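The values are calculated or read from the model by the stated rules, or taken from the named source; none is laboratory data. Quick caveat, the model's predicted, so the values are computed rather than measured. Methodologically, a virtual Cβ is constructed for each residue, glycine included, from the backbone with ideal geometry; neighbour enumeration extends over all protein chains shown. Side chains included, ligands, DNA and RNA excluded: accessible areas come from the protein's heavy atoms. Shrake-Rupley method; radii C 1.70, N 1.55, O 1.52, S 1.80 Å.
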Protein chains: 2
Amino acid sequence: MKVIRYPKKEDWSALLTRPALDARSLERDVARILEDVRDRGDAALRHYARLFDRVAPDDFLVGEAEFAAAEARVSDELKDAIRLAKANIERFHAAQRDQPEVVETMPGVFCWRKSVPIEKVGLYVPAGTAPLFSTVLMLAAPARLAGCREIVVCSPPAADGRVDDVTLFAARLCGATRVFKLGGAQAIGALCFGTETVPRVDKIFGPGNQYVTEAKQQAAKTGVAIDLPAGPSEVAVLADETGVPAFIAADLLSQAEHGVDSQVLLVTTSEAILDATLTELDRQLAVLPRRAIAAAALENSKAILVESTGAALELLNEYAAEHLIVATADADEIAERVVNAGSVFIGNYSCEAAGDYASGTNHTLPTNAAARGWSGVSLDSFVKKITFQKLTRDGLRAIGPAIELMAEAEQLRAHKNAISVRLEAVENR
Amino acid sequence: MKVIRYPKKEDWSALLTRPALDARSLERDVARILEDVRDRGDAALRHYARLFDRVAPDDFLVGEAEFAAAEARVSDELKDAIRLAKANIERFHAAQRDQPEVVETMPGVFCWRKSVPIEKVGLYVPAGTAPLFSTVLMLAAPARLAGCREIVVCSPPAADGRVDDVTLFAARLCGATRVFKLGGAQAIGALCFGTETVPRVDKIFGPGNQYVTEAKQQAAKTGVAIDLPAGPSEVAVLADETGVPAFIAADLLSQAEHGVDSQVLLVTTSEAILDATLTELDRQLAVLPRRAIAAAALENSKAILVESTGAALELLNEYAAEHLIVATADADEIAERVVNAGSVFIGNYSCEAAGDYASGTNHTLPTNAAARGWSGVSLDSFVKKITFQKLTRDGLRAIGPAIELMAEAEQLRAHKNAISVRLEAVENR
């Protein structure tokens, strides 16, 4: 890690800059794939599967026998762990349900909002260096809870043509309605336009590589909704002298092992903690299976020493981390003052891994400073909040003249007239 | 309007297709403008203002004297109407506030979600054929209510170099912190990247022409959030024999007058209502100031006769209109069964114009079938919902082993280790 001691405030911005992601070179490739899927459907999917995944299943749809075989191969212990995580995720997301509340904004004018499930959602579950079945839990469980009618999962098959066993088990457990052996930009194209076998969906969720991310953004321009612009994963740890170097190092590494482009940041008020954490990093890194990846990620990462937890917080509010771990004596109070972050982990026992898998919060979170303007995935992400209104005669009388004036001022006479014809009918004026 | 009688279900999809919006030709132009604004800041803004708006103010920022002069020119009657609308909008949006609820997902594992205002928002207020000050009400009022710290409005100046008086009055009234005389894709670029005079914002809101829309979508790829993909405005009316042709015609026209690309749809179970509405359309159209625009929009519009309100509803759920007016005897019951729509207007007195201006619901809504996956703007649009979690020792003990298993199964050993080092510390195992 690069160590920076007491940076001046005017240098913060440069210090906190993430590496620019230049997707320009991908744009054309991805656009071509999407167009091809739109125009040729399954034939295009088969073409790209052969080209990129070196394996093109006869049938993209995962069948009953495949689910059964996969389930048989997952250990009972792991199944129980997944069930525990699912229960926590459901408990947390169920608390996000809301009931319509009718507001009488003025006498006779009734307005309300109702959450209606998005009918068809597509969930992309990556399987690259490691199959990420936890993504299924984080997306399919809330989708089911929200009441989505069609929950389609796409996940790329391994060289043997199979989707990861645990992914299939989790998909079935969480109520996915169909799973397709399909990855990459072509999977996003299929969800966006629909093909002979893959249904078009209303919203696409899930992380993925640069191709998948670019494809989601291009898909969004066609009108399909997407969850989040997903970039490389990030963690920032804010620690004072009460932090535990072994814990901090483990947390930093658990982000660093995701990929060489992972962003890892330590901001601390304690030089002793900083030094001890660097030592711990070396010790823990040495025994990690993915140490090459983690070491590369750490090279681009920063450990910043600051004067006070207040300064640390200000700096981190500017950074807007996807995950923010607060390991300070006054962690609760600090957490209250967080303005920009995807998810906040309070105190020494609240590691990011808890939220990644099982505590109940969603792990699909805004990266790359998007936390300034975006929320992570929640139950809200799987519903539309439709507004309704009903005016009585009295309501129309009360509000009508103001609307007539405003419409006239906007030079929209037909808008005014929609009120006037009604007022005439009720007033006979 | 094109009249279609009892279409077969297999023809619905073709019938409901909106004209394709091909933004391809704009992409390069808009990309060049955005890059230029990013690289040259105010100089680029001045260049494009001269090029497109034929007017480049010395100072883009609206000053105190300009606000005062504008306010003096707005009639007291119109000010009162705007204050009434603002009060209703605030009442409806204030009811959308939520309080954090701490969920103990399992013993010792506490999770919650808190709404935190987005710090800096940019609101684009178009002023083309007509200045749309109602957009200020719909965006600035909720932004202020949510607690956004910086509320920046951009609106293109007229030929005299001034921003519309009512827009300035409304901006001040609703708590906008700064207003810039700035329009087009260059305004979006300024909000996205920041310039010497315009601050970079975290989220960009507001409707606009094709250039503005394309610019918002390109801006979104840089990480700034946007409200909605905005397309041409739409209304669909579902009427049975209890509909009032004069009301229906006025509602259809109040959408048609927006632009030649407006989408207008009547779906009815009654041939008598259909015929009478067509007659009313001719009568009302003849006296509209914007009749050329409205007539052109109507030419592309459809009146569809169906067998039952059930069929009408099914067809309209597939269409996913921005605005849906339900003018039937059983309007309440029909409204309950709406699955896809931006906003629903129930009964003969609830015209779209009410929601456009003053009833309290937001008029920034998903168009072009985006209502299948998107919600309209609400208080939620101006906050991030940050998740928090706190594990106690007991919580860590309860959840730790499941996380270890799952992390191991995902081959993410450092994730597992983040739990293991903590379990070791508390258990001394």
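Within the set of other residues whose C-beta is less than 14 Å from the C-beta of B:ALA94, count the net charge using Lys and Arg as +1 and Asp and Glu as -1.
0
Between A:ARG200 and A:ARG28, what FRET efficiency comes out of the Förster formula 1/(1 + (r/R0)^6) with R0 = 25 Å and r the beta carbon distance, rounded to 0.05? Don't jump to the answer; show the numbers that get you there.
On the way: r = 24 Å, r/R0 = 0.95.
The formula returns an efficiency of 0.60 here.
Nearest 500 deg cm²/dmol is fine: what mean residue ellipticity at 222 nm does chain B get from its DSSP H runs of n ≥ 4 alone, each adding -39,500 (n - 2.57), divided by its residue count?
Numbers: 17 runs with 194 residues, N = 429.
Taking each H run of at least 4 residues, the total per residue is -14000 deg cm²/dmol.
What FRET efficiency comes out for the pair B:ARG46/A:THR17, r = Cβ-Cβ distance, R0 = 30 Å, nearest 0.05?
Details: r = 27 Å, r/R0 = 0.92.
Given R0 = 30 Å and the Cβ-Cβ separation, E is 0.65.
Please calculate how many Å² of accessible area the protein assembly as shown carries per residue, with a 1.4 Å probe and no DNA, RNA or ligand atoms counted.
36
Helix B:271-285: angle to the longest alpha-carbon principal axis of chain B, degrees 0 to 90, nearest 10?
So the helix axis and the longest Cα principal axis differ by about 80 degrees.
How much length would be gained if the chain were fully extended between B:GLU64 and B:GLU307, taking 0.36 nm per residue of separation minus their Cα-Cα distance, in nm to one decimal? Let's see the in-between values first.
Details: separation 243, 0.36 × 243 = 87.48 nm, distance 5.97 nm.
That pair, B:GLU64 and B:GLU307, stretches by 81.5 nm at full extension.
Which distances, shortest first and in nm, link A:SER13 to the matching position in the other copies, using label points set 7 Å out along Cα to C-beta?
Output for A:SER13: 5.0 nm, nearest copy listed first.
For B:ALA31, place a label point 7 Å out from Cα along the Cα→Cβ vector, do the same in each other copy, and report the separations in nm, one decimal, smallest first.
0.6
Once you order the gyration tensor axes a ≥ b ≥ c over the Cα atoms, which shape class does segment A:39-125 get: rounded for a/c under 1.5, otherwise prolate or oblate by comparing a/b with b/c?
Oblate, because a/c is 1.5 or more while a/b does not exceed b/c.
For A:LYS302, which sequence-distant residues (separation of 5 or more, or a different chain) have an amide H within less than 5 Å of its own amide H, given hydrogens modelled in the peptide plane?
Here A:LYS2, A:VAL264, A:LEU266 satisfy the definition.
At 1.4 Å probe size, what's the solvent-accessible area of B:TRP112? Round to the nearest 10 Å².
40
What is the local net charge at B:PRO57, summed over the other residues whose Cβ is closer than 13 Å to its Cβ (Lys, Arg +1; Asp, Glu -1)?
Local charge sum for B:PRO57: -1.
Calculate how steeply helix B:210-220 sits against the longest principal axis of the alpha-carbon atoms of chain B, using the helix alpha-carbon long axis, and give the answer as 0 to 90 degrees to the nearest 10.
Approximately 10 degrees, to the nearest ten.
Could you tell me which of rounded, prolate or oblate describes the protein assembly as shown, using a ≥ b ≥ c as the square roots of the eigenvalues of the alpha-carbon gyration tensor, with rounded for a/c under 1.5 and, failing that, prolate when a/b is larger than b/c and oblate otherwise? Walk me through the numbers before you get to the answer.
Numbers: a/c = 1.90, a/b = 1.46, b/c = 1.30.
In terms of gyration-tensor shape, prolate.
At 7 angstrom along the Cα-to-beta-carbon line, where would the label on B:ALA65 sit relative to the other copies? Give the distances in nm, shortest first.
8.5
Around A:ARG413, with a cut-off of 11 angstrom between Cβ atoms, what is the net charge of the other residues, counting Lys and Arg +1 and Asp and Glu -1? Mind dumping the intermediate values first?
Values: positive: A:LYS416, B:ARG290, B:ARG291; negative: A:GLU404, A:GLU408, A:GLU410, B:GLU257.
Here the count lands on -1.
At 1.4 Å probe size, put A:GLU299, B:GLU427 in order of accessible surface, largest to smallest.
Values: A:GLU299 135, B:GLU427 85 Å².
Final ranking, largest accessible area leading: A:GLU299, B:GLU427.
Please give the Cα centre distance for segment A:116-154 versus segment A:309-336, rounded to the nearest Å.
Each part reduced to its Cα centre gives a spacing of 31 Å.
Which sequence of B:PHE388, B:PHE193 reflects their accessible areas, 1.4 Å probe, from the largest down? Before the final figure, lay out the partial values.
On the way: B:PHE388 5, B:PHE193 60 Å².
If we order B:PHE388, B:PHE193 from most to least accessible, we get B:PHE193, B:PHE388.
Quick one: of the DSSP bridges fully inside the protein assembly as shown, what percent are antiparallel, nearest 5?
Close to 25 percent.
To the nearest 10 square angstrom, how much accessible area does B:ASP80 have with a 1.4 angstrom probe?
90
Calculate one ³J(HN,Hα) per residue across segment B:241-249 by plugging θ = phi - 60° into the Karplus curve 6.51 cos²θ - 1.76 cosθ + 1.60, and present them in order as whole Hz with x for glycine and proline.
For segment B:241-249, the Karplus-derived couplings read 5, 8, x, 10, x, 5, 5, 4, 4 Hz, x marking Gly and Pro.
Leaving ligands, DNA and RNA out of it, rank B:TYR124, B:TYR349 by accessible area with a 1.4 Å probe, largest first.
B:TYR349, B:TYR124
Which whole-number percent gives the relative contact order of chain B, counting Cα pairs below 8 Å spaced six or more residues apart?
Worked out over chain B, it gives 20 percent.
How many angstrom lie between the C-alpha centres of segment A:354-386 and segment A:197-240?
Between the Cα centres of segment A:354-386 and segment A:197-240 lies a distance of 12 Å.
Taking a 26 Å limit on the Cα-Cα distance, which of the listed pairs A:LYS181/B:LYS390; A:LYS86/B:LYS416; A:LYS385/A:LYS416; B:LYS181/B:LYS216; A:LYS216/A:LYS390; A:LYS385/B:LYS120 fall beyond it?
A:LYS181/B:LYS390; A:LYS385/A:LYS416; A:LYS216/A:LYS390
Apply the a/c threshold of 1.5 to the C-alpha gyration tensor of segment B:283-420 and tell me whether it is rounded, prolate or oblate. Each step should come with its number before you reach the end.
Numbers: a/c = 3.15, a/b = 2.78, b/c = 1.14.
It comes out prolate by the Cα gyration axes.
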